[in-house]
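Participant: I am attaching a structure below and will ask some questions about it afterwards.
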Amino acid sequence: MLLDPLAFAIIIDYYSRVATKPILSVTKAEQVRQAILEMIFAGDLTAGQRIVEMRLAAELNVSQATVNAALQDLHNQGVVTKLLNRSTTVNRYTQREIDNLFQVRMALEPAAAAAASMKLTSEGVASLLAHVNEMRAAARIGSLPAFCVADYSFHQELYRLSENSFLIQACQAISAGPFAYILCGGPSALPVDYAALAEDHAEVVLALENGPEAAEQITLDQVGKWKTHSARALAAIVETETAHA
């Protein structure tokens, strides 16, 4: 069966745009940043633990300057605290800090979602859904580190899609939000259905497609739900520590 000329033209146009789309390179610092996050998610680095840059550089076979740059990014994102010419430690959050983080997150992230919705493209939707599928896959095999990396990446992409440099910069400070409970004491899984958490993110993508108002409201609702999960996890950690004291 011959294709309609218009349909054929659309297909040719699509593939020509895909073929010429630039492939974004990932810097060494970005690779190291993700490696450090995976160590935190896996429990190899725990809340309050000191990070020795020289040792980490040797383990990852990169320069100390690269590790330093990655840690600076994570400091800006609230994951670690990096003191100039001194030391770096993985942050350990208190209940008050969790509350403060989510107070800011509930103001910024819905705004980022609304802005992203107004700029949304099919490529942006595909990128977000790729991270959702990574979360789904991680939930199926019960991999907390893989789930957290995908969750972190989803929110980073959401901020980027807003195309608002000031909003992106502000959102970087709340990057620890999706996994803040891990920074409360240890990488134990939340007492929730991770598959359902993945579908929460799919719902955010659908809301983005439905317009800025829907994107803002659904994101606000979901962030409120995720705050409850983190609060419960922190309470469980405190209860366990008290029992062993």
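Participant: Filter the range 149-186 down to the residues that are among the aliphatic types (A, V, I, L, M), more than 11 Å from the chain's Cα centre (by Cα) and within 21 Å of LEU197 (Cβ to Cβ) and list them by number.
Facilitator: LEU161, ILE182, LEU183
Participant: Scan the range 169-187 for residues that are part of a loop (DSSP other than H, G, I, E, B), surrounded by 17 or more Cβ atoms within 10 Å (Cβ to Cβ), out of contact with any Lys or Arg (no Cβ under 9 Å at 6 or more places or on another chain) and modelled with pLDDT of 80 or more and report the count.
Facilitator: Total meeting the criteria: 2.
Participant: Mind listing just one residue for me: the one in the range 219-234 that is out of contact with any helix residue (DSSP H, G or I) (no Cβ under 7 Å at 6 or more places or on another chain) and free of Cβ contacts under 8 Å to residues at least 24 places away in the same chain and, of those, nearest to LEU158 (Cα to Cα)?
Facilitator: Result: ASP221.
Participant: Right, here's the next one. Give VAL204, VAL192 a once-over and let me know the one that is out of contact with any Leu (no Cβ under 6 Å at 6 or more places or on another chain), β-branched (Val, Ile, Thr) and outside any helix (DSSP H, G or I).
Facilitator: Sole residue among the options that is out of contact with any Leu (no Cβ under 6 Å at 6 or more places or on another chain), β-branched (Val, Ile, Thr) and outside any helix (DSSP H, G or I): VAL192.
Participant: Further question: Can you tell me how many residues within the range 65-81 are surrounded by 13 or more Cβ atoms within 10 Å (Cβ to Cβ), part of a helix (DSSP H, G or I) and without any contact (Cβ under 8 Å) to a residue 12 or more places away in the chain?
Facilitator: 1
Participant: If you don't mind, there's one more thing I want to ask. Could you list, in sequence order, the residues of the range 43-62 that are out of contact with any Cys (no Cβ under 9 Å at 6 or more places or on another chain), in contact (Cβ under 8 Å) with a residue 24 or more places away in the chain and either closer than 23 Å to TYR181 by Cα or of a type in the set (S, T, N, Q) (or both)?
Facilitator: GLY43, LEU45, THR46, GLY48, GLN49, ARG50, ILE51
Participant: Of the numbered conditions (1) closer than 25 Å to ALA235 by Cβ; (2) among the charged types (D, E, K, R); (3) over 14 Å from the mean Cα position of the chain (by Cα), ARG86 fails exactly one; give the number of that condition.
Facilitator: (1)
The values are calculated or read from the model by the stated rules, or taken from the named source; none is laboratory data. Remember, it's a predicted structure, so these values are computed and weren't measured experimentally. Positions of Cβ are generated from backbone atoms using ideal geometry, with glycine treated the same way; all protein chains shown enter the neighbour counts.
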